[in-house]
Each structure stands twice: as structure tokens, then as C-alpha cells.
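Here is the structure we will look at, set down as C-alpha cells.
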Amino acid sequence: MKNLWQDEQAAKYTDELGLRVYTSRLLGQDASLVLHGGGNTSVKITEINLVGEEEEILYVKGSGWDLETIEAAGFAPVRMAHLLKLAKLPSLTDAQMVNELKTQMTNSSAPSPSVETILHATLPYKYVDHTHADAVVTVTNNSAGLERIKAIYGDEVVIIPYIMPGFDLAKRCAEIFEADATDKTIGMVLMNHGMFSFADTAKESYGRMIYLVEKAEEYLKKENAWALPEEAVTTTSFYSLEQAELRHWVSQAAGAPVILATDSSERCLRFVKRNDIKHISQQGPATPDHVIRTKQLPMICHELSEYIKNYQSYFEAHASTPRDGQEKTMLNPTPKVILNKQQGLVAVGQSVKEAQIVADIYHHTMDIIERATLLGGYQALPDQDIFDMEYWELEQAKLKKSGFTPEFAGEVVVISGAASGIGKACVETFLGKGAAVIALDYDPSVTSLFESEAYLGLNVDVTDSDGLQRSLDEGVKAFGGIDMLILNAGVFPGGCRIDALKTNEWRRVLGTNLDATFVLMKLVHPYLKLAPNGGRAVVIGSKNVPAPGPGAAAYSASKAGVNQLARVAALEWGADNIRVNTVHPNAVFDTGLWTESVLADRAAHYGLTVEEYKSNNVLKTEVTSSDVAELTAAMCGDLFAKTTGGQVPIDGGNYRVI
Ligand code: ZN
């Protein structure tokens, strides 16, 4: 634990809410304190309202904000007087609580206040900090957790037994705090949940959090439950086809394509190869808060049908006795975490981002489980508590908030020749439509073209078939499978008549444009066959196929060859539920090939202005690489769901073709 407070940084925040932003971000920077939207903070500020009355307002973290990046606008301002009255009520349903919190805000456009708002209000301190610190969760997920917490903290903290977040927890905390707090109290431990700290200044409240969590870490060190085993593990090969098959079945059971992100680091392999893995991994999540991301248990090995059966039994066993008495509908029964001795940790998500969140949380879970095991045995909460959290409407609402599902959510596309021109435009378009992209190019800049977690750029020469297979393996390791293939890589050599064309040059063009396309299609076919929604391949053809020009023999022949290849693939692969279509672009000038001087030169050659030259077609329109990318994506989408073997021109209308 490191106290990150810096006086000169803090000085930049001039008011009470500003300092609340500052220390919230300090907490958010440490993943062992809070992860992905976890934890919350607040400050109580006295303000004069519009009608001149003095009011105490609780600024509490709003839902949808992350402590690491929170701003003043991320805090919801709620009237303290009303919150304190609510805290005195004998009971309050979740729906009532949400409504009361919202209608007592002084800013209608602020985010919804945290479900722990009333708890923050009842603590009689200006600043309140709350984290789900790994070290505290480790000590409390233990059969002797309570005694250990008492031994660590003495009368520095008030201890609250596990109660689900919401009104009941807030009420119980207020009661226990009133009864147990002394002038030595600086924090509050929530068993199997986390830590609260509080004080009258932002600096002190934050400092107390660091101090308290540090104490739990020191305790774990003293008990030899901190340093994790570090013996070397043998890494094993990754079987990408097996992974794609697993993804196929998980997607089928989930009802939509999913991303499978594999982490075969030594850390993960060491965990999954433990002899007691079947026992320690099947106890439950480190804190109930994690259940909506990771589900209650990871799947071990590949027993998917058994996992789903067990999930159904878990649902049936607990749905009859839900905490809120409301009828429940079973959620998607497929796993979010898969542990496998060969592959390590496999995280499942509807997007790469979601899979990454799952992986991040499970990384912390592994540490917590292993340390608690060293401390005498990891013990998670009973299933009913986990179930109540998983099926709590307020938690489910958080997930639904993301709302809109992009067209290619959970799907993966391979794009060749992705570093420039039409290929690069395809990367942009497919990322924009929610696909994960495996981008291949011989230009090394491909590895760093896009920042997105859904982008994997791999430097490979398409004529190197071993390199291609390695790239596909790497792509499948990152995302789980391949649903779509965009065959775009190709070379366009300068004009040269047949009688002058060197045989080597002819072979080079055919080798890149035709042979390499054939090899890539062949290599990707087994993965496309496993695409949950059916595989799709789109060939970037050329106007030269229906209307060749003099001086482009090798190029035209190679593109005509690719065109026939695609038509045969459409015939052969239909039985595998794979569609293969071709687009024929022409005169796409916004690519690296066409510099301004080349354009001006060609235009002059035809006696046209650059503008006239660019739109020298039936519609007098300019075709851009992003136009081609949009059509390519459409051919992978629902609009072309019943089209295969198709060839669509995108050239503004060409007199010779029509
Ligand atoms: Zn919490």
C-alpha cells in the first residue's frame, strides 16, 4: 500500500468537492483497492439553495462512474436531511430507495446516486471512503475471519457482518456504528465485502484507508500468507481450433457470439495447475459484487453441459427463496471464467472490453483465493448471498445500462492488408460496428495503428503460410475464434505490357494476390465453420475483373483468379454455412498509392482536372476507401444474409462494366 497523496497536486483542487475528486482518483489508481466501477466515496457540503436556505448536501459517487477517472460531475448531490430521515424508516424496498435517492437530488442531470448512499449519509464524517480492498477481503473470506479482523484492528474499526448492499445494510451499519464506535474508530470493516474509512478532511480519510488496508497486508505477511508460490510451470501449446470450438459451444448456449480471451501467463497457469484447483476455485467469488461479472463459479476444463446443468440447479435452489420475494428469470447460464490446465485463464465477454474486465477481476480473485488458502482456507459466502446479489435488480440494471448492442458484438474479423487504404478503412468500420479485429499486414506499422482493446495488429507477410497460421493462432488466443475474413491484401504493380512483363514479376503478383489469398482462405476455413452465426468471407476484387485494361496483365489475371476462387468457395462452403461474396471497387484514390502528384499527373494525362478525374464515372461521384469498407461490412451483415457467390461493383458506375 502506498499513500499517493501529494500536497502540490492536492493544491490544484481548491474546494471540498475538488479534493473529493482528487482522493477518489488516488483510490481508483490502485487496482488492489477498487476495480472497474467498484467502491464509492462521498463528501458532505453545506450550500445555500436558490431560495436562500442553507442545506447540507451529500455528494456521493454516481453509478456508471469509475473512481480512477471520476470528475465533479460524477458525484450525485442528495439532500442530507432527507437521507437521515430515510435511514430511520423500519424498511424501504429497493424500488422505493432508488426513487427517493433520485427525487432528493439537487441536480436533475446528475447520475443516479450509489446504492450505498444512505450508508454514507449516516456516517457522521465529512469525507467517507469505501473500497473492496483485496487484503481485507482475503482476511474476511476465511473461517476465522472475524477473529483475525479483531486481532488486526482492535478498536480502530467497527465490524459489520455480511449483509447485501442497500437499505438493510445502511440501517444495520448505522445501528452498529452507534453502539460500537469509540473515539478511536477510524474505519469500518464489512465482512466479505470491504472497508470504509472516514474523517473530516479528504487527506485524512484517504490516509486512514491506506493505513487500514496496509495493516491487513502486514498481517498477511506476518502469517506467511502474502508471498505466492513461484515455482516454474511448463507452458503448453495453445490449440486455436479447440478454442474456436469451445467458443462455438459457449456462444450457442449463450444465444449470441462471445469473445474468449486467453491468458496463458505463468501466473494463471500456476493457479490452474494447482492440485487443489477443483476445490479452491469452486467456493464462490471473493466478494458478491463480482458475481455479475464472473458468475458464481468458473468452469473447469471443457465440461460445458455439466456447467450449465449445475448453474440451473443453483438457480432453481435459490430462486424459490429470493431476498426480495420477487420472481426471477434465469440469466444466461454460460460461464464467464474458464480455467484450463493447458490454456490458463479464459475470460468470456460479449465484447473484448467485457472479457478484459472479467479477466482483471479474476486475476485479483486468484490472489485472494491463494492467500486465503495460505491463511488456513478460503471460504466464500453461502450461495444464497451470491444468488441474491446476482439476481438483485439494481445490479442487473447496471449491466443493462450499456443498452445498444452493436451489429458485430462478440464477433471477430480477420483483415489482410490492413495497414493502409481499403484494409485500414475496413478495420475502422468493423471496429465501429463492434467486431474484434485481427489485422494482418507486412507493414510493421500495423501493430500500433489503433488503440482499441478490440484491435490486434500482426506483422506478417501473406505469402508466408506458417507465419499466417501463427498469426491466426495468436488472434484466436486473444479473441476466441474467427467469424469473418476480409481478403484485401494485394499488390498493384506499375503498368507493363505482356511482351515486356518479366516472368518473375508475373509470379510475384500472382503469388501475393492469388496464391496467398488461396492459402489464407484455406487456413481460415476451419474457424469460419465454427462461427456461431455462420462464417462470412468478402473478397476485395477489382473493376479489372469484368473490364481489364492494357498494361495490367498480372494484376487483372490475379484478380480474375481470386474472383473464380471466391465463386468456387461460395459453392463449396455453403454447406458449412459460410457465405463468400466479392466487391469490385474502382478508382479509390484516398489510399497511400495515390499521392497528390501522381493524381495530378494522371488527371493531366487524360486532360481532366483532379476532381473530374476522381469522379470519372456514370454517377460522377468519388468512391472512397470507407465507402468500400461500408459495403464490405454490409456484406457480412444481415442485409446480405441470403447472398453468396455475389459480386457487387462499387465504382460509381463504369461504362465498360455496365
Ligand atoms: Zn461496496
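The values are calculated or read from the model by the stated rules, or taken from the named source; none is laboratory data. Note that the structure is a prediction, hence the values are computed from the model and not measured. Please note: Cβ atoms are built from the backbone with ideal geometry, for glycine as well, and neighbour counts cover all protein chains shown.
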Exercise. Is it true that Pro257 is in contact with a Gly (Cβ under 6 Å, 6 or more places away or on another chain), part of a loop (DSSP other than H, G, I, E, B) and not aliphatic (A, V, I, L, M)?
Worked result: yes
Exercise. Could you say whether any residue in segment 306-322 is within 16 Å of the ligand (Cβ to nearest atom) and either under 30 Å from Thr373 (Cβ atoms) or touching a residue at least 40 places away in the same chain (Cβ under 8 Å) (or both)?
Worked result: no
Exercise. Of the conditions (1) more than 16 Å from the ligand (Cβ to nearest atom); (2) surrounded by 20 or more Cβ atoms within 10 Å (Cβ to Cβ), Ser265 fails just one. Which one is it?
Worked result: (2)
Seminar exercise, completed: Within segment 632-645, residues being under 27 Å from the mean Cα position of the chain (by Cα) and farther than 16 Å from Leu528 by Cβ number 3
Exercise. On the given criteria, is Asn513 crowded, with 19+ Cβ neighbours inside 10 Å and either charged (D, E, K, R) or touching a strand residue (DSSP E or B) at 6+ places or on another chain (Cβ under 9 Å) (or both)?
Worked result: no
Problem set entry | Failed condition for Asp590, given (1) assigned by TED's automatic domain parsing to the domain that holds Gly490; (2) under 19 Å from Lys424 (Cβ atoms); (3) among the acidic types (Asp, Glu) | (1)
Problem set entry | Any chance Ala73 is over 29 Å from the mean Cα position of the chain (by Cα) and away from the ligand (no atom under 16 Å from the Cβ) | no
Exercise. Of the residues Asp383, Asp388, Asp367, which is surrounded by fewer than 18 Cβ atoms within 10 Å (Cβ to Cβ) and either over 18 Å from the mean Cα position of the chain (by Cα) or closer than 26 Å to Ser32 by Cβ (or both)?
Worked result: Asp383
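Among the residues of segment 64-79, write down those that are outside any strand (DSSP E or B), without any contact (Cβ under 8 Å) to a residue 60 or more places away in the chain and closer than 16 Å to Leu101 by Cα.
Gly74, the sole residue that qualifies.
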Exercise. Is it the case that some residue within segment 26-47 is at positive phi, out of contact with any Leu (no Cβ under 6 Å at 6 or more places or on another chain) and not hydroxyl-bearing (Ser, Thr, Tyr)?
Worked result: yes
Exercise. Does Met389 qualify as being in a helix (DSSP H, G or I) and on the phi < 0 side of the Ramachandran plot?
Worked result: yes
Problem set entry | Selected residue (criterion: farthest from Asp289 (Cα to Cα)) from residues of segment 189-201 that are of a type in the set (A, V, I, L, M) and under 32 Å from the mean Cα position of the chain (by Cα) | Val189
Seminar exercise, completed: Screening Glu156, Glu116, Glu147 for residues that are of a type in the set (Asp, Glu) and touching a His at 6+ places or on another chain (Cβ under 8 Å) leaves only Glu116
Exercise. Which of the residues spanning segment 294-315 are surrounded by fewer than 21 Cβ atoms within 10 Å (Cβ to Cβ) and β-branched (Val, Ile, Thr)?
Worked result: Ile300, Ile308
For this session: Would you check which residues across segment 287-320 are touching a helix residue (DSSP H, G or I) at 6+ places or on another chain (Cβ under 6 Å) and over 19 Å from Val346 (Cβ atoms) and list them?
Result: Thr287, Pro288, His318
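Residues checked against (1) within 16 Å of the ligand (Cβ to nearest atom); (2) of a type in the set (A, V, I, L, M):
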position: Met105; (1), (2): no, yes
position: Leu119; (1), (2): yes, yes
position: Asn141; (1), (2): yes, no
position: Lys150; (1), (2): no, no
position: Asp183; (1), (2): no, no
position: Gly187; (1), (2): yes, no
position: Asp200; (1), (2): no, no
Problem set entry | Test result for His363, assigned to a helix (DSSP H, G or I), within 24 Å of Met389 (Cα to Cα) and within 16 Å of the ligand (Cβ to nearest atom) | no
Seminar exercise, completed: When every residue in segment 161-176 that is crowded, with 19+ Cβ neighbours inside 10 Å and more than 33 Å from the chain's Cα centre (by Cα) is compared, the one farthest from Tyr206 (Cα to Cα) is Lys171
For this session: Answer yes if at least one residue in segment 274-281 is buried (at least 19 other Cβ atoms within 10 Å of the Cβ) and either under 17 Å from Val358 (Cα atoms) or of a type in the set (Asp, Glu) (or both), and no otherwise.
Result: yes
Exercise. Is there a residue being in contact with a helix residue (DSSP H, G or I) (Cβ under 9 Å, 6 or more places away or on another chain), without any contact (Cβ under 8 Å) to a residue 12 or more places away in the chain and in a helix (DSSP H, G or I) anywhere in segment 326-344?
Worked result: no
For this session: Can you work out which of the residues in segment 11-41 that are at pLDDT below 95 and small (Gly, Ala, Ser) is farthest from Gly62 (Cα to Cα)?
Result: Ala11
Exercise. Which of the helices (runs of 4 or more DSSP H) contained wholly in segment 131-226 include at least 1 residues that are in the same structural domain as Leu58 (by TED's automatic domain parsing) and under 17 Å from Ala286 (Cα atoms)?
Worked result: 134-140, 145-153, 202-222
For this session: Identify the residue in segment 35-51 that is surrounded by 24 or more Cβ atoms within 10 Å (Cβ to Cβ) and in a loop (DSSP other than H, G, I, E, B) and, among all such residues, is farthest from the ligand (Cβ to nearest atom).
Result: Leu35
Exercise. Just a yes or no: is a residue in segment 228-244 surrounded by fewer than 19 Cβ atoms within 10 Å (Cβ to Cβ) and in a helix (DSSP H, G or I)?
Worked result: yes
Exercise. For segment 206-229, which residues satisfy the criterion of being within 16 Å of the ligand (Cβ to nearest atom) and within 17 Å of Val21 (Cα to Cα)?
Worked result: Met209
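Within segment 282-293, can you find the residues that are polar (S, T, N, Q), surrounded by fewer than 22 Cβ atoms within 10 Å (Cβ to Cβ) and within 14 Å of the ligand (Cβ to nearest atom)?
Residues satisfying the conditions do not exist here.
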Seminar exercise, completed: Residue hits (segment 96-118; of a type in the set (A, V, I, L, M) and in contact (Cβ under 8 Å) with a residue 60 or more places away in the chain) are Met97, Val98, Val115
